Amino acid sequence: ALSDRLSRIVKEMRGQARITESNVTDMLREVRMALLEADVALPVVRDFIARVKEKALGQDVVGSLTPGQVLVSVVNRELAATMGDGVSDINLAAQPPAVILMAGLQGAGKTTTTAKLAKHLIEKRKKKVLTVSGDVYRPAAIEQLKTVTAQAGAEWFPSSPDQKPLDIARAALDYAKKHYVDVLLVDTAGRLAIDEALMREIQELHGALNPVETLFVVDAMQGQDAVNTAKAFKDALPLTGIILTKMDGDSRGGAALSVRQVTGAPIKFAGVSEKIDGLEVFDAERHAGRILGMGDIVALVEQVTAGVDMAAAQKLAAKVKSGGDFDLNDFLDQLRQMKQMGGLSSLMDKLPGNLAAKASEADLSRAEKDIKRKEGIICSMTPKERSKPDLIKATRKRRIAAGAGVHVQEVNRLLKEFEQMQGMMKKMKGGGLMKMMKRMGG
Ligand code: GDP
Ligand code: MG
């Protein structure tokens, strides 16, 4: 095709048309640092880097992209592909009752997640759900499951600390069969560290229950240790899925990559709050951005790759990395870019976890319609006000509001949003991958 010929000519005209040993080494070192900073375990990092290198070497560098930009895309894609394989929901393909066994360390979030899953299965899959606790070591644990099960609107099967977990499980299964329960969720005891008695107990439960899903629940904040825990549970049980909890914390969530690589099981859900509805289908692409700590930059590079305004994205990246102050002019640039790049929500999706999670769908669609008004407000400011937003006090706000035909509150809202974005830009400045962006600059 003509476009193929054209891009070949472009390549031939440029100095570095391919990713080679010599231009990839430094860049991979930065990727390695970013993964380690995100708490991905070292052996997992090594393995991943080797795979990326193999994939990246010899990749064509098309159009106006640089080898660095192409590598970022390869890293992001490989990270997402490693963590996600399209399987997400709970498998219920079994003669009812389908049994789901919850495994994991103490405090991982098993009991909470059991109730969250119960709610999910009731609401999204229209199932009749029963929960039961096999945690006979901590008296409060059984009560805890009872409470959260009620919140989920599911049925709870009573058990008590003087019973054996295996007997409890058998009784619950028997009850579930007689009462036409669709799904039996079995919560289990955890320990603070792996121990043999715990593993034997859960293996016995597995043998007696023949679960269709054996889910490994792991705390995303667990960091490097997640690898050892995952290995121990994988060796003891045929895991069918992973649930990553406490994703609402500040961890960059490198545990996801480690656990996925060690167990080979799909990451099905992510816990995003202590509340009963704090469960989301795991989104591998979004999580890849979070691990790299540069969600929006990756998004920019990729959307730019799709043919949008390269110069504006580079200008922003340059500003971020140089530590220059992010002012209202940049904010305006960004608003305009977002409009060009197929919508605010598509871009917000790719922002690092916490920030994106804060914006609900409804907020986003409103925000999209709002961009024009915001542009109007910023355009009613003087150039000096735009580069020194601190100047904007009450009198100026009134003038700007009048000029843009909006209420003063709207000006306040815009300034607040700008400050949030500015704060995020400051945070991103520290990251190791920013150094790489520098190389990507031209
Ligand atoms: P278990 O020992 O594995 O059963 O863990 P629990 O379900 O009792 O959870 C331990 C603690 O983590 C509790 O305080 C939960 O409220 C909290 N927790 C569980 N999942 C999440 C989550 O996704 N986000 C947050 N913020 N807290 C969670
Ligand atoms: Mg528990």
Alpha carbon centroid spacing (whole Å) that separates region 147-195 from region 248-286:
24 Å
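For Cα pairs less than 8 Å apart in space and 6+ apart in sequence, what is the mean separation divided by the residue count of region 35-183, i.e. the relative contact order in percent? Can you show the working numbers first?
On the way: 133 pairs, mean separation 32.1, N = 149.
This gives 22 percent for region 35-183.
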Assigning unit charges at the beta carbon (Lys, Arg +1; Asp, Glu -1) and nothing else, what dipole magnitude in debye, to the nearest 20, does region 98-281 show about its Cα centre?
520 debye
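Rank-order 255-261, 188-194 by packing density, defined as the average count of other C-beta atoms within 10 Å over each peptide's residues, highest first. The partial results should precede the final answer.
Numbers: 255-261: 27.1, 188-194: 16.9.
Ranked from most to least packed, the peptides come out as 255-261, 188-194.
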I need to check one value: relative contact order of region 111-164, counting alpha carbon pairs closer than 8 Å and at least 6 residues apart, in percent.
41 percent
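A short reminder: the numbers here are calculations on the coordinates, not readings from a lab. Quick caveat: nothing in here was measured; it's all calculated off a predicted structure. All Cβ positions, even for glycine, are placed from backbone atoms using ideal geometry, and neighbour counts span all protein chains on display.
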